[in-house]
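Only one structure is covered here, and it is reproduced in the block below.
The values are calculated or read from the model by the stated rules, or taken from the named source; none is laboratory data. This is a predicted model, so every value here is computed, not measured. FYI the Cβ positions are ideal-geometry reconstructions off the backbone, even for glycines, and counts take in every protein chain you see.
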């Protein structure tokens, strides 16, 4: 997979290093030439000293050949522009954008070319809730510009799903259970998988189906 990352700050370089170590081709764009010069020898990726907010720079970088664009700069306005250009001008299949300020999250949607947005404060909140909440739905991640959400529920003892097979729950067609975590083991769910109190159920839902799925799992 070929991945382009805009922004060679701490976040961008860390992602680049991880992806490169996993065997992916990584293109790292950074407009600060001095920073590129300083970091070039520390990460074995393809470095491009360019402003990712400019179409001409993205053309020279060959953005039309990448599978994923990651807008990881420290400026939300730049990340939105980069996302929009990647999707509209270069038809990048998947665009992931970093949200620096939570108040801007509402902007990071498909209108700006964003497929997946990541807000560190919101993610930390979700992880804290996921660790301590039983019997309530926790949103972990938004996908497809908010049209799909990854949610988690730790089933309480009074959950209507306790002792039920997934196929018998009547989960709506635009939602699906993607994983069940039981006693630190991940279970790939099937229709006949029985759910029990204490299970962590991870589901993919839409805004329209979220309330119905919550009602099936939470009393």
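Can you say whether residue 13 is out of contact with any strand residue (DSSP E or B) (no Cβ under 7 Å at 6 or more places or on another chain), farther than 20 Å from residue 85 by Cβ, surrounded by 15 or more Cβ atoms within 10 Å (Cβ to Cβ) and modelled with pLDDT under 95, as far as the supplied structure shows? It is true that residue 13 is out of contact with any strand residue (DSSP E or B) (no Cβ under 7 Å at 6 or more places or on another chain), farther than 20 Å from residue 85 by Cβ, surrounded by 15 or more Cβ atoms within 10 Å (Cβ to Cβ) and modelled with pLDDT under 95. Residues in segment 19-36: is at least one surrounded by 14 or more Cβ atoms within 10 Å (Cβ to Cβ), outside any helix (DSSP H, G or I) and over 24 Å from the mean Cα position of the chain (by Cα)? Yes, the conditions are met somewhere in segment 19-36. Screening residue 87 against (1) surrounded by 19 or more Cβ atoms within 10 Å (Cβ to Cβ); (2) under 24 Å from residue 10 (Cβ atoms); (3) at pLDDT 95 or above leaves a single unmet condition, (2). Looking at segment 146-160, can you tell me whether even one residue there is assigned by TED's automatic domain parsing to the domain that holds residue 209 and modelled with pLDDT under 60? Taking every residue of segment 146-160 in turn, none turns out to be assigned by TED's automatic domain parsing to the domain that holds residue 209 and modelled with pLDDT under 60.
Evaluation of residue 125 against the conditions (1) farther than 30 Å from residue 192 by Cβ; (2) surrounded by fewer than 17 Cβ atoms within 10 Å (Cβ to Cβ); (3) modelled with pLDDT of 90 or more shows that the sole unmet condition is (3). On the given criteria, is residue 79 modelled with pLDDT under 95 and assigned by TED's automatic domain parsing to the domain that holds residue 7? Against the criterion (modelled with pLDDT under 95 and assigned by TED's automatic domain parsing to the domain that holds residue 7), residue 79 does not qualify.
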